[in-house]
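Written out below as structure tokens is the structure these notes cover.
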């Protein structure tokens with residue numbers, strides 16, 4: 001009886017404290033204006049988009065258990081939206097226009113309201129058009145009042161990229177030529193530079209050309225500046241020697257990875273994407289787009305104002321933030337990557353630098369522990385898997401987590417906030433808190449993947465959950481700037497269907513030469529990095545070039561969630577999907593059509609005038625089709641005009657139909673003499689196929705309506721940064737040679753020889 005009475009008193013006392021905790025929970029309110037504003041980062045006035053008058057927008061703060069209420073007032077003449085990146089919330093609050101939330105109309109306001117059920121570092125940004133690139137982003141700090149704060153200062157550092165160009169023009173330029181910004185970035189991979197780098201570079205180029213892979217850069221866009229909290233050089237905060245400073249770093253760049261280093265010594269990484277990990281000291285780490293990394297640094301005893309430097313992964317610039325007091329102490333410069341000695345079987349060689357810590361090579365990592373082979377799958381939807389046949393070696397033992405039929409429903413208004421985040425992830429364990437570690441692991445010189453990182457406690461899901469495998473190949477065509485999953489863009493693909501209560505595993509096979517940061521809305525997932533039970537939780541994962549990555553998550557939400565590459569231009573070009581819960585999906589055909597951004601038509605023109613001829617091309621293109629008109633002319637009676645329509649069938653094959661009209665001199669033999677006897681005019685309909693051959697030679701086979709067959713070959717060689725050489729030959733005994741010197745991307749000098757029109761020089765203008 002005494003024991004029962006004591007337990008009752010304890011329960012009553014616990015209930016009183018629980019009531020007091022709830023009673024002390026606040027409603028945190030913010031009002032933020034979205035509007036246009038002129039900014040100047042590089043000496044040029046540019047119209048930007050701002051939140052609360054600034055770039056980035058204000059830091060939104062709340063505490064675990066609070067209700068966050070934020071009203072955005074759209075003062076612009078166009079609609080906007082706000083997505084809460086990485087935060088678990090009701091689906092209708094997620095902020096993807098039309099899929100989850102109605103867009104914020106021009107000259108109107110919209111209020112978001114949801115409970116804070118987990119702590120960490122997150123951010124918010126527009127999901128409308130390319131507004132994020134123009135400045136619509138800001139930071140979020142969600143605090144846990146029970147956290148053991150073993151640091152003296154808590155600071156937020158938002159890295160981003162900045163361009164003076166209209167982002168819509170950037171996407172249009174990339175659609176014209178995936179290497180459009182190479183000249184601006186001084187990363188043109190021309191043959192003079194290949195030769196200057198010796199036999200390894202020559203071998204690499206030939207190897208890549210033979211396998212039909214062109215020279216690739218580490219990023220697409222040429223930026224004018226990189227920013228830290230909206231400045232090229234920013235004073236983050238003042239701290240005394242010996243102070244421990246927590247820095248919440250957010251990569252809010254549209255398409256830039258950053259290598260981050262602190263001038264004052266190693267950084268102690270304590271959280272990724274808002275989720276705590278076991279502390280890991282690093283000197284430098286690579287930060288994928290849209291990730292958040294929390295680190296603790298100690299201000300050296302000698303004092304100074306120490307730099308946090310975020311260097312763009314392609315080496316084109318950096319942003320700086322300083323913390324401490326006194327004279328500035330700079331972080332070391334990072335040499336630009338040598339693109340000429342890349343191994344085409346493992347494009348991103350920087351991921352191998354300094355990896356003496358036993359971390360995993362994603363390009364060749366051992367997947368035996370994951371129970372999967374190395375083949376790239378094509379199916380996006382797989383049936384629910386037989387649990388008894390699944391290899392659970394990599395997952396670890398059952399950690400006494402709740403069974404699927406015992407998992408709490410996602411009632412965001414009534415669930416105990418301290419447990420809710422773990423229920424959402426499929427875990428029945430207390431919330432994560434900072435872990436006190438006295439014996440830190442060895443410092444990593446350069447961390448480029450997640451292999452050595454561990455959660456602070458087990459993240460394993462229930463062993464008896466039904467399982468679903470979704471296999472996605474990351475596919476792309478840099479020349480036409482089409483990015484996709486399984487060779488299908490969003491407008492061409494079905495939704496990925498899952499069911500509530502499943503454990504869903506995604507297997508990503510990156511077949512492209514670029515890194516892709518993949519973000520899943522509304523869920524955290526385990527990154528299967530070889531750490532078994534302690535696989536870290538994230539919401540954004542980098543999939544390295546030519547690499548393989550696996551994640552898994554508990555499907556216990558509802559309705560529809562966006563999943564996409566967080567490179568803004570890749571997302572808009574098609575590397576996007578909608579993940580839908582079969583029972584509660586709301587994304588019908590009309591909703592899906594409103595999400596399509598990859599099938600937009602872009603129009604271009606090239607016009608050249610030379611002493612021996614004029615030529616030109618007008619064309620319009622979307623993600624699969626092209627329509628064009630081309631002409632060559634020497635006079636009103638000597639010309640060719642061709643109109644055709646093309647369909648892209650993958651990266652290397654195009655089919656086409658068209659019509660060609662031409663007028664040329666006709667020769668007739670009269671009594672042994674060759675005389676010019678007027679001009680022959682003819683019109684032919686044709687059909688054919690273009691194929692990219694080894695050594696990047698473009699081959700064409702066409703047949704006209706008279707049955708005549710023509711075979712044609714040609715290619716372009718980049719001789720130097722601004723000089724290129726083109727050649728063409730076909731079985732009609734036509735050939736041409738041409739040189740082009742590009743003063744700018746819009747204007748070039750040309751010289752060439754065409755066996756029908758002769759030799760001459762002139763200029764080319766591009767629109």
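Structural remarks
- Test for residue 448: is it touching a residue at least 60 places away in the same chain (Cβ under 8 Å), under 28 Å from residue 331 (Cβ atoms), in contact with a helix residue (DSSP H, G or I) (Cβ under 6 Å, 6 or more places away or on another chain) and outside the structural domain of residue 182 (by TED's automatic domain parsing): yes
- Checking each residue in the stretch 596-628 for being over 18 Å from residue 175 (Cβ atoms) and surrounded by fewer than 19 Cβ atoms within 10 Å (Cβ to Cβ) picks out 607, 609, 611, 612, 614, 616.
- Any hit, the stretch 515-522, residues being surrounded by fewer than 21 Cβ atoms within 10 Å (Cβ to Cβ) and either touching a residue at least 60 places away in the same chain (Cβ under 8 Å) or over 17 Å from the mean Cα position of the chain (by Cα) (or both): no
- Scanning the stretch 231-253 for residues that are crowded, with 22+ Cβ neighbours inside 10 Å and under 29 Å from the mean Cα position of the chain (by Cα) yields 236, 247, 248, 249, 250, 251, 252, 253.
- Members of the stretch 169-191 that are in a loop (DSSP other than H, G, I, E, B), in contact (Cβ under 8 Å) with a residue 60 or more places away in the chain and either touching a helix residue (DSSP H, G or I) at 6+ places or on another chain (Cβ under 9 Å) or in the same structural domain as residue 570 (by TED's automatic domain parsing) (or both): 180, 187, 189
- Selected residue (criterion: surrounded by the fewest Cβ atoms within 10 Å (Cβ to Cβ)) from residues of the stretch 27-51 that are part of a loop (DSSP other than H, G, I, E, B) and free of Cβ contacts under 8 Å to residues at least 40 places away in the same chain: 43
- Some residue of the stretch 572-591 being in a loop (DSSP other than H, G, I, E, B), on the phi < 0 side of the Ramachandran plot and crowded, with 22+ Cβ neighbours inside 10 Å: yes
- The condition of being within 26 Å of residue 717 (Cβ to Cβ), assigned by TED's automatic domain parsing to the domain that holds residue 730 and modelled with pLDDT of 80 or more holds for only one of 630, 662, that being 630.
- Scanning the stretch 562-571 for residues that are in a strand (DSSP E or B) and touching a helix residue (DSSP H, G or I) at 6+ places or on another chain (Cβ under 7 Å), we see that the one that is surrounded by the fewest Cβ atoms within 10 Å (Cβ to Cβ) is 564.
- Unique match (being in the same structural domain as residue 633 (by TED's automatic domain parsing), at pLDDT below 85 and under 44 Å from the mean Cα position of the chain (by Cα)) among 650, 655: 650
- Residue match in the stretch 80-101 (condition: part of a strand (DSSP E or B) and either more than 25 Å from the chain's Cα centre (by Cα) or over 21 Å from residue 130 (Cβ atoms) (or both)): no
- For the condition closer than 28 Å to residue 161 by Cα, surrounded by 13 or more Cβ atoms within 10 Å (Cβ to Cβ) and either in contact with a helix residue (DSSP H, G or I) (Cβ under 8 Å, 6 or more places away or on another chain) or at pLDDT below 95 (or both), residue 112 qualifies.
- The set of residues from the stretch 594-612 being outside any strand (DSSP E or B) and either within 22 Å of the chain's Cα centre (by Cα) or on the phi > 0 side of the Ramachandran plot (or both) comprises 594, 595, 596, 597, 598, 599, 600, 601.
- The number of residues in the stretch 705-722 that are part of a strand (DSSP E or B) and free of Cβ contacts under 8 Å to residues at least 40 places away in the same chain comes to 8.
- Some residue of the stretch 328-345 being part of a strand (DSSP E or B) and crowded, with 18+ Cβ neighbours inside 10 Å: no
- Residue that is farthest from residue 61 (Cα to Cα) [pool: residues in the stretch 129-148 that are in contact with a strand residue (DSSP E or B) (Cβ under 8 Å, 6 or more places away or on another chain) and in a loop (DSSP other than H, G, I, E, B)]: 135
- Hey, residue 690 outside the structural domain of residue 194 (by TED's automatic domain parsing), out of contact with any helix residue (DSSP H, G or I) (no Cβ under 9 Å at 6 or more places or on another chain), closer than 29 Å to residue 215 by Cα and touching a residue at least 12 places away in the same chain (Cβ under 8 Å) or not: yes
- Matching residues in the stretch 142-169 - criterion: being farther than 17 Å from residue 227 by Cβ and surrounded by 21 or more Cβ atoms within 10 Å (Cβ to Cβ): 142
- Residue 201 being at pLDDT 90 or above, farther than 23 Å from residue 48 by Cα and either surrounded by 20 or more Cβ atoms within 10 Å (Cβ to Cβ) or in the same structural domain as residue 476 (by TED's automatic domain parsing) (or both): no
- Per-region count, the stretch 246-277, residues within 28 Å of residue 303 (Cβ to Cβ) and assigned to a strand (DSSP E or B): 15
- Given (1) buried (at least 20 other Cβ atoms within 10 Å of the Cβ); (2) under 30 Å from residue 182 (Cβ atoms); (3) modelled with pLDDT of 95 or more, number of the condition residue 445 does not satisfy: (1)
- Residue match in the stretch 62-73 (condition: outside the structural domain of residue 524 (by TED's automatic domain parsing), under 27 Å from the mean Cα position of the chain (by Cα) and in contact (Cβ under 8 Å) with a residue 24 or more places away in the chain): yes
- Being in contact with a strand residue (DSSP E or B) (Cβ under 8 Å, 6 or more places away or on another chain) and assigned to a loop (DSSP other than H, G, I, E, B) is a description that applies to residue 756.
- Residue within the stretch 489-503 that is within 18 Å of the chain's Cα centre (by Cα), assigned by TED's automatic domain parsing to the domain that holds residue 545, closer than 30 Å to residue 204 by Cβ and crowded, with 20+ Cβ neighbours inside 10 Å present: no
The values are calculated or read from the model by the stated rules, or taken from the named source; none is laboratory data. The shown structure was predicted, so the numbers you read here are calculated from the model rather than taken from an experiment. When we count neighbours, we look across all protein chains shown, and the Cβ atoms used for this are built from the backbone with ideal geometry, even at glycine.
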